[in-house]
Amino acid sequence: MARIFLSHSTTDERQAVALKHWLGQNGSDDVFLDVDPQRGLIAGERWQEALKRAADRCEAVLFVISPAWAKSKWCLAEFLLTKSLNKRIFGLVLKDEAIGELPSEMTSEWQLCHLVGPGKTEMVTCCLREKSVAVDFLTEGLIWLKAGLQQVGLHAEFFHWPPQDDPERAPYRGLQPLDTADAAIYFGRDAEILQGLDKLRGMRTLGAESLFVILGASDTGKSSCLRPGLLPRLTRDDRHFFPLRPIRPERSPLFGEHGLDMACRLLGECRFGRPIDREHHDMVGPFEGRPNFSGAKQFVYVRYDPDLSQPGLDALGLADIKATNVQTLDSIEHIADIQKVGEAFARKHLNVAEHLRGFI
C-alpha cells in the first residue's frame, strides 16, 4: 500500500491529480489518491479502509484544503481518522478563506503549506479522465512541501551517507553497534520504525502514557531499532520531539560516560554542578574561556551531586552517617540517611532564585 495518502474534495479533483503527478516527478511515486466523481459513502469508506490497511506503511497524509474540503463531512472523517492513527499531517491550502473553517487541531498543531497566492508559480501538466489539464501552484509552497516530505521520509535513502560530520565512517561496524549516524545504512525495519513513531506521536498528543518500551529477545535488533531507526527520525521532527543521546547505565547511570548527566550537558545549560570531565569541558561556566557547548541550549538543568565520601559528609555536618551506607542510591535500608544527605546539601547549596531563574 501507499506511503503517502492524498485527501481532497471532489471540487478539487483537478488539483489533487496534479499534485499526485508532481509528487511522482519529485521522488514520491507511492501515493494513494481515490479519484471518484461522486465523493460519497463508497469513496469515503474506501479511502479510510485503505489508510487503515496501510497503517504500517503510510508515512504522511496530505490534505488538499479548500472551502469545499472544510465543509465536507467525508474529508473531516478522513482527517479525524488520520489524527487517531497519529500520522504526519500536511495541510495544502488552495484558498486562504478556507483556513477559518478548519478543525482547530490542524491549524494549531500542524504547519500549513500555501499552494496559491502572490509569487512565482510552477505549472503542472497531467492527464485527468483522458484529458490534459494544467494547474499552477506557488513555487515556494512546492519547495516547502518537498522539503517537508524529505524530512518525514522513513526510508534510509532520506539520510546522508557518509554523515557530514564523519566522512570516513565505515559502513560495516564490526563489533561496534549501529548508531544514529548510521540511519542511511539501516534497512529492514521500516514497519517497526513507523509503528514506533506513530505510537510516540500518540503518547505526546494524549499525554496519558510516558513510557515506551522496545521489548525482544537478545540479539533481535532492539538497540538498532532505536539508535539508527527511531532516534534520527524523531530528531528531524524537532517541532514535536527533542531526543537526548542514548543513556547506558553501566556502573554509573547518572554521571558515567554514557549517563544521564552527559546526555543533558551536551545540549543543556547547567546552572549548578561540580566541574568534571575536563575533556568535555566544565558543565558550569567557561573553561579556559570556552563554553561547555557551542550550540544553542535547548533546556536548563541543575546537577546536585553531593560528595558522598566520608570527608564530604563531614563537610555537610553529617559525620554520624557512614559513607558506605549512602553510596548505593537504591538502598532502602538507609533511605533515611540518604534523605538527610539531600536535605543538608540543599540547605548549603540550593539557590532557588538562581537555579530556577526564568521559571519563578
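Look through Asp136, Asp179, Asp190, Asp198 and report the one residue that is modelled with pLDDT of 90 or more, under 23 Å from Ser28 (Cα atoms) and not assigned by TED's automatic domain parsing to the domain that holds Asp56. Working first, answer last.
Numbers: Asp136 fails: not assigned by TED's automatic domain parsing to the domain that holds Asp56; Asp179 fails: under 23 Å from Ser28 (Cα atoms); Asp190 fails: modelled with pLDDT of 90 or more.
Every option except Asp198 fails the conditions.
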- Item | Restricting segment 219-252 to residues that are of a type in the set (Lys, Arg) and closer than 15 Å to Val152 by Cα, the residue that is surrounded by the most Cβ atoms within 10 Å (Cβ to Cβ) | Arg233
- Task: Confirm whether Leu142 is more than 17 Å from the chain's Cα centre (by Cα), assigned to a helix (DSSP H, G or I) and touching a residue at least 40 places away in the same chain (Cβ under 8 Å).
- Result: yes
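Taking the stated definitions as given, is Gly196 assigned to a helix (DSSP H, G or I) and without any contact (Cβ under 8 Å) to a residue 40 or more places away in the chain?
Numbers: assigned to a helix (DSSP H, G or I): yes; without any contact (Cβ under 8 Å) to a residue 40 or more places away in the chain: yes.
Criteria met by Gly196.
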- All-but-one check, Thr205 against (1) at pLDDT 80 or above; (2) within 27 Å of Pro177 (Cβ to Cβ); (3) β-branched (Val, Ile, Thr), failing number (2)
- Out of all the residues in segment 234-278, which are modelled with pLDDT under 75 and β-branched (Val, Ile, Thr)? Ile276
- Being touching a residue at least 12 places away in the same chain (Cβ under 8 Å) and of a type in the set (D, E, K, R) is the filter; apply it to segment 327-351 and report the residue that is nearest to Arg251 (Cα to Cα). Asp337
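If you check Gln150 against the conditions, is it among the polar types (S, T, N, Q), in a loop (DSSP other than H, G, I, E, B) and either under 21 Å from Ser28 (Cβ atoms) or without any contact (Cβ under 8 Å) to a residue 40 or more places away in the chain (or both)?
No.
Listed here are the residues, each with its yes/no results for (1) under 26 Å from the mean Cα position of the chain (by Cα); (2) modelled with pLDDT of 90 or more; (3) part of a strand (DSSP E or B); (4) crowded, with 19+ Cβ neighbours inside 10 Å.
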{"residue": "Cys75", "(1), (2), (3), (4)": "no, no, no, yes"}
{"residue": "Glu97", "(1), (2), (3), (4)": "no, no, no, no"}
{"residue": "Gly100", "(1), (2), (3), (4)": "no, no, no, no"}
{"residue": "Thr107", "(1), (2), (3), (4)": "yes, no, no, no"}
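The values are calculated or read from the model by the stated rules, or taken from the named source; none is laboratory data. Quick caveat, the model's predicted, so the values are computed rather than measured. Glycine gets a Cβ as well: all are built from the backbone with ideal geometry, and neighbour counts include every protein chain shown.
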